[in-house]
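Shown next, in structure tokens, is the structure this report addresses.
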Amino acid sequence: MNTESTGTPGLAPEPRPITATHPMLWSVKRELWENFSITLAPLTVAGLVLFAFLISAMQLADKIRDVLLLDPAKQAAALDKMFGFAAIPIILTSVIVAVFYCLDALHGERRDRSILFWKSLPVSDVTTVLAKVTIPMAVLPLVAFVVAVVMQFVMLVLSSMILMANGVAPGILWTQWPILSQSLVLLYGLVTLALWYAPIYGWMLLVSGWARRATFLWAVLPPVAVAIFEKIAFGTAYFAALMKYRLQGSFKEAFIVDDPHLVSVDLAHLDPVRFLSSTGLWTGLAFAAACIAAAIWLRRYREPL
Amino acid sequence: MPCIEARGLRKAYGNTIALDGVDLKVDEGRILGLIGPNGAGKTTALNAILGLAPYQGELKVLGRDPWTERERLMRDVCFIADVAVLPRWLRVSQALDYVAGVHPRFDRARAEGFLAKTAIKRKSRVRELSKGMVAQLHLALVMAIDARLLVLDEPTLGLDILYRKQFYDTLLNDYFDNSRTIVVTTHQVEEIQHILTDLMFINRGRIVLDCSMEEFESRYTEVMVLPEHAAAARALNPIHERQVFGRSILLFDRADRQQLAALGEVRTPGIADLFVAVMGNQAGAPETATQGAAK
């Protein structure tokens, strides 16, 4: 052994270089590396929608001629059905992807034992879990927004070209369905949906951090069991109604739906005040916060494997 | 300040006692081999040291309580908990980026230097690497971290002998210095004998042997006894006897080497032989034999 350089026990070690770190940023990047496909899924759906739209575009000129005959108030709604609704499959995809992401987020690292690697680095469990929360709450809505808006823009440009080729003026597409303000509507819808679904994502994250296997069953069966129990024991369906409200309530709380048959929306239909003052939003967020706190606690204090 | 200090460390899983009052002290600049049979409590002890599992008793690692101060501790402590815990989807370049992004004491150039000596490509994913290369990658990452304590729990399990030898040689030549401390557990004890400074045997949650390697070498003697001297040698209270090619090999604790030399060929035993002797005695008469071998 080297005796000259023997460090004296008890003395403070000499200062060592410390480089600046950004654990949160890198933790989110890490999630994107592992789950790159979450960005591909909305893209694939957008491609499918565009393809289907191209097939339907043969009759586009006729359809627009019909729209031109409507009164201006209904023109916007008719166009929204063509262009606005195209975003719905993308939103649905991003929600489904978010659910499956959450179910695996804290389970996969235990299944493949890589949690032992992540935990060997100075990244706190709070940072790790919150980084995973940002995926369904921020990253996926943002991806869905960008993909949907680009897709809608492409649809509008293609439509304009088809209309011009058929001798119809394309201006109506851009004036009656203004893409800029309609994308604000979409963004608002995505943000409110993410906030509304936060308790679902939080619950799924908690289950993925807790269950040793079959995370999907553990996440879905208990609520179903509670609903069935309530129905048999008390003959009521409050819990089932609560679940239904959680699954479907976002649109009702965040938008003014004056005519149930007219589901197309524009800027005038946004109702952020009602959304922000709805009890459902805040009880949901409180439940989400409790689930996330429990998931952090589990990752920190339960033995990793 | 000792690097690790534990007093009365206990841990039970239901009725199974994993750690039964362990006392241990590891000074800075030591390389400790923690050896024990499966289920002896090695991993439980290491998990307590790394703040991965709760425990009863007193434990300080670099002066901190690993359970309550885990995050702070992980800046100065590094560990390889097992072979193949690197996620399979991770690319080598991503591993470097990530550790550089989160670890204040990671020297990326150093890690790149270690990797340059291997056949590992930057673009490869962990799943495309052989088991030996994954171990090389993990070691390169860990050695580029300027940690004060490195814990290795079976870091070479399942690797072929070339990788195993290279693993420990690299660790000793390119990483270890007297300000660092290494704790290693392995079943391939013979291969780490030459790098250890301290040795600890653990069995059934208790430390049954705790000595420095100098002490080990001066204390234990192995004699290959000629048949005619066998009875005389047995009279000197060997702690273990085994037969090899018809000759008896007797292991002595604190015996007079001069006296033994007269009976046959004298040498320092391998850790594995002492391990078998100590554990074998444990199995036969657990309580009394513990007294004999414990420090």
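The values are calculated or read from the model by the stated rules, or taken from the named source; none is laboratory data. Note that the structure is predicted; figures quoted are calculated from it, not measured. As a convention, Cβ positions derive from the backbone with ideal geometry for all residues, glycine included, and neighbour counts pool all protein chains shown.
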Residue pairs qualifying under the 9 Å Cβ cut-off, at least six apart or on distinct chains, with the first in region B:232-256 being in the same structural domain as B:Tyr220 (by TED's automatic domain parsing) and at negative phi and the second being in a loop (DSSP other than H, G, I, E, B) and of a type in the set (Gly, Ala, Ser), are B:Ala232/B:Ala262; B:Leu236/B:Ala255; B:Pro238/B:Ala255
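Per-residue answers, yes or no, for (1) modelled with pLDDT of 85 or more; (2) over 15 Å from the mean Cα position of the chain (by Cα); (3) not in a loop (DSSP other than H, G, I, E, B):
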position: B:Leu152; (1), (2), (3): yes, no, yes
position: B:Leu157; (1), (2), (3): yes, no, no
position: B:Arg164; (1), (2), (3): yes, no, yes
position: B:His194; (1), (2), (3): yes, no, no
position: B:Met200; (1), (2), (3): yes, no, yes
position: B:Glu222; (1), (2), (3): yes, yes, yes
position: B:His229; (1), (2), (3): no, yes, yes
position: B:Glu241; (1), (2), (3): yes, yes, yes
position: B:Ile249; (1), (2), (3): yes, yes, yes
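Working carefully through the options A:Ser264, A:Ser250, find the one that is under 30 Å from A:Thr175 (Cα atoms) and not in a helix (DSSP H, G or I). Explain how you work it out, then say what you get.
Values: A:Ser250 fails: not in a helix (DSSP H, G or I).
One residue alone meets the criteria, A:Ser264.
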Looking at region B:58-82 only, could you name the residues that are at the interface with chain A (Cβ under 8 Å from one of its Cβ atoms), surrounded by fewer than 23 Cβ atoms within 10 Å (Cβ to Cβ) and within 28 Å of B:Met133 (Cα to Cα)?
B:Met74, B:Arg75, B:Asp82
Spot the failing condition for B:Val85; the list is (1) over 26 Å from A:Trp297 (Cα atoms); (2) at the interface with chain A (Cβ under 9 Å from one of its Cβ atoms); (3) of a type outside the set (Lys, Arg), and only one is missed.
(1)
For B:Arg30, only one of the following conditions fails: (1) touching a helix residue (DSSP H, G or I) at 6+ places or on another chain (Cβ under 7 Å); (2) of a type outside the set (S, T, N, Q); (3) in contact (Cβ under 8 Å) with a residue 40 or more places away in the chain. What is its number?
(1)
Of the criteria (1) closer than 30 Å to B:Lys11 by Cα; (2) part of a loop (DSSP other than H, G, I, E, B); (3) in contact (Cβ under 8 Å) with a residue 24 or more places away in the chain, which one B:Trp67 fails
(3)
Considering only region B:91-108, state which residues are in a loop (DSSP other than H, G, I, E, B) and within 7 Å of chain A (Cβ to nearest Cβ).
B:His103, B:Pro104, B:Arg105
Taking the residues in region A:84-102 that are buried (at least 21 other Cβ atoms within 10 Å of the Cβ) and over 12 Å from the mean Cα position of the chain (by Cα) as candidates, determine which candidate is modelled with the highest pLDDT.
A:Ala87
How many residues, within region A:164-199, are of a type in the set (A, V, I, L, M, F, W, C) and under 27 Å from A:Arg246 (Cβ atoms)?
11
So, restricting to helices (runs of 4 or more DSSP H) that lie completely within region A:1-81, which ones have at least 3 residues that are at pLDDT 80 or above, of a type outside the set (Gly, Ala, Ser) and surrounded by fewer than 19 Cβ atoms within 10 Å (Cβ to Cβ)?
A:23-34, A:37-56, A:60-69
So, in region B:173-191, exactly how many residues are surrounded by 14 or more Cβ atoms within 10 Å (Cβ to Cβ) and either part of a helix (DSSP H, G or I) or touching a helix residue (DSSP H, G or I) at 6+ places or on another chain (Cβ under 9 Å) (or both)?
10
Subset tally (residues that are of a type in the set (A, V, I, L, M, F, W, C), without any contact (Cβ under 8 Å) to a residue 40 or more places away in the chain, under 21 Å from A:Glu34 (Cβ atoms) and in a helix (DSSP H, G or I)) for region B:112-139:
1
Which numbered condition in (1) under 24 Å from A:Arg213 (Cβ atoms); (2) within 11 Å of chain B (Cβ to nearest Cβ) is the only one that A:Ser124 fails?
(1)
Please tell me if B:Gln166 is without any contact (Cβ under 8 Å) to a residue 40 or more places away in the chain, surrounded by 14 or more Cβ atoms within 10 Å (Cβ to Cβ) and not assigned by TED's automatic domain parsing to the domain that holds B:Thr43.
no
Quick one: would you say B:Glu28 is within 14 Å of another protein chain (Cβ to nearest Cβ), outside any loop (DSSP other than H, G, I, E, B) and either modelled with pLDDT of 95 or more or surrounded by 15 or more Cβ atoms within 10 Å (Cβ to Cβ) (or both)?
no
Only residues that are under 17 Å from B:Thr185 (Cα atoms) and part of a strand (DSSP E or B): list them for region B:31-64, please.
B:Ile31, B:Leu32, B:Gly33, B:Leu34, B:Ile35
Against the conditions (1) surrounded by fewer than 24 Cβ atoms within 10 Å (Cβ to Cβ); (2) more than 22 Å from A:Arg110 (Cβ to Cβ); (3) within 12 Å of the chain's Cα centre (by Cα), where does B:Ile35 fall short? Just the number, please.
(1)
Please indicate, with yes or no, whether at least one residue in region A:234-246 is more than 30 Å from A:Leu187 (Cβ to Cβ), of a type in the set (S, T, N, Q) and modelled with pLDDT of 90 or more.
yes
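Given the structure, is A:Val129 closer than 17 Å to A:Val28 by Cα and either away from every other protein chain (no Cβ under 14 Å) or in a loop (DSSP other than H, G, I, E, B) (or both)? Spell out the reasoning first.
Numbers: closer than 17 Å to A:Val28 by Cα: yes; either away from every other protein chain (no Cβ under 14 Å) or in a loop (DSSP other than H, G, I, E, B) (or both): no.
Against the criterion (closer than 17 Å to A:Val28 by Cα and either away from every other protein chain (no Cβ under 14 Å) or in a loop (DSSP other than H, G, I, E, B) (or both)), A:Val129 does not qualify.
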